[in-house]
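Engineer: Provided herewith is a single structure, encoded as structure tokens, for subsequent inquiry.
The values are calculated or read from the model by the stated rules, or taken from the named source; none is laboratory data. Owing to the predicted nature of the structure, the values given are computational and were not obtained by experimental measurement. For neighbour counting, all protein chains shown are included, and Cβ atoms are generated from backbone atoms with ideal geometry for every residue, glycine included. All accessible areas refer to the heavy atoms of the entire protein, side chains included, with ligands and DNA or RNA removed. Shrake-Rupley method; radii C 1.70, N 1.55, O 1.52, S 1.80 Å.
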Amino acid sequence: MFRTSDLKWTREPEKYNITEDSISIVTEPGTDLWQRTYYGFQHDNAPVLQMSTKEKYFSFVVKTEFDSKQLFDQCGVVMYLDSDNWLKASIEYENERFQRLGSVATNHGYSDWASTDIDAAVKSMWYRFSRRGSDYCVECSEDGVNFKQMRICHMCEGADEIHFGIYACSPEQSSFEAKFSHMEMTECKWLEHK
């Protein structure tokens with residue numbers, strides 16, 4: 001069972017609201033999660049709200065709604081273990097025509113970024129984060145029913161207790177409100193490969 005009362009902050013933002021059914025976060029300028037690869041810089045100051053579990057097989061679903069409007073504004077699902085080991089999936093604003101639906105896996109201090117371009121008019125997305133031991137699957141959906149695979153990955157430090165939940169940030173000099181709802185923890189929807 002998923003309860004918002006079980007969530008704990010890593011870097012609490014100045015403005016947010018948490019109810020039993022939803023969470024809103026107002027991002028602060030210059031906040032981000034990224035480690036080293038390609039760009040060279042290290043950013044580790046985005047607010048993250050998570051719960052902990054030792055459960056090896058489960059899925060977590062969340063709906064995001066956002067009014068992002070500045071380059072790299074983003075909000076989504078996250079598994080943040082420490083500054084060098086984490087996984088996130090979100091939509092990053094690019095411009096008035098398109099934005100990037102993508103995911104980042106960071107292992108031992110190096111991030112990657114897999115993405116695809118989607119219409120800038122999209123202002124809501126569902127995510128499903130699934131765990132099978134130390135392997136993970138992230139999916140997205142526009143209606144909360146039909147999910148499409150975004151990424152399957154192995155997390156080097158993701159075999160034992162993990163922390164997972166939501167995040168929102170604005171790497172540039174901007175701010176927007178991110179809303180999270182329909183949060184649910186279920187049996188693992190990522191079926192075993194046969």
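Engineer: If I model a spin label at LYS148 and TRP9 as a point 7 Å from the Cα along the Cα→Cβ vector, what separation in nanometres do I get?
Structural biologist: Distance between the two pseudo-spin positions: 3.6 nm.
Engineer: Let me ask something else. With +1 on each Lys and Arg Cβ and -1 on each Asp and Glu Cβ, how big is the dipole of the stretch 15-161 about its Cα centre, in debye rounded to the nearest 20?
Structural biologist: Numbers: 15 positive and 24 negative charges, 55 e Å.
Charge dipole, the stretch 15-161, about its Cα centre: 260 debye, nearest 20.
Engineer: Just in the stretch 5-71: which GluC sites (Glu not before Pro) are loop by DSSP and have at most 13 other Cβ atoms within 10 Å? Spell out each step's value before the answer.
Structural biologist: Details: sites: GLU14, GLU20, GLU55, GLU65; in loops: GLU14, GLU20, GLU55.
Within the stretch 5-71, the qualifying GluC sites (Glu not before Pro) (loop, at most 13 other Cβ atoms within 10 Å) are GLU14, GLU20, GLU55.
Engineer: Then there's this: Please give the charge dipole size of the stretch 29-96, origin at the Cα centre, charges +1 on K and R Cβ atoms and -1 on D and E Cβ atoms. Round to the nearest 20 debye.
Structural biologist: Computed about the Cα centre, the dipole is about 340 debye.
Engineer: Mean separation of Cα pairs under 8 Å and 6+ residues apart, divided by the residue count of the chain: what relative contact order is that in percent?
Structural biologist: Numbers: 532 pairs, mean separation 61.6, N = 194.
Computed value for the chain: 32 percent relative contact order.
Engineer: Calculate the dipole size of the stretch 63-124 relative to its Cα centre from +1 charges on Lys and Arg beta carbons and -1 charges on Asp and Glu beta carbons; express the result in debye to the nearest 20.
Structural biologist: On the way: 6 positive and 11 negative charges, 28 e Å.
Dipole magnitude for the stretch 63-124 comes out near 140 debye.
Engineer: Taking 25 Å as R0, compute the FRET efficiency from the Cβ-Cβ separation of ASP32 and LYS69 and round it to 0.05. Walk me through the numbers on the way to the answer.
Structural biologist: Values: r = 17 Å, r/R0 = 0.66.
Once rounded, the FRET efficiency stands at 0.90.
Engineer: Sticking with this one: Protein chains only, probe 1.4 Å: how do ARG100, ARG3 rank by accessible area, largest first? Intermediate values should be presented prior to the final figure.
Structural biologist: Working: ARG100 55, ARG3 105 Å².
Ranked list, largest accessible area first: ARG3, ARG100.
Engineer: Can you tell me which of 92-99, 144-151, 104-111 comes out highest on packing, and rank the rest after it, using the mean Cβ neighbours within 10 Å?
Structural biologist: Details: 92-99: 15.9, 144-151: 13.8, 104-111: 18.4.
For the peptides 92-99, 144-151, 104-111, the packing ranking is 104-111, 92-99, 144-151.
Engineer: Where only protein heavy atoms count, and the probe is 1.4 Å, what is the accessible area per residue for the chain in Å²? Could you put the intermediate results ahead of the total?
Structural biologist: Details: 9480 Å² over 194 residues.
Computed with neighbouring chains in place, this is 49 Å² per residue.
Engineer: Let's test this: bin the Cα-Cα distances of the stretch 1-99 at 10 Å from zero up to the farthest pair and state each bin's percent.
Structural biologist: 12, 45, 34, 9, 0
Engineer: While we're on this one: Any chance you could look up the accessible area of LEU49 with a 1.4 Å probe, heavy atoms only, rounded to 10 Å²?
Structural biologist: 0
Engineer: Right, here's the next one. Could you give the distance between the Cα centres of the stretch 1-45 and the stretch 58-81, to the whole Å?
Structural biologist: 9
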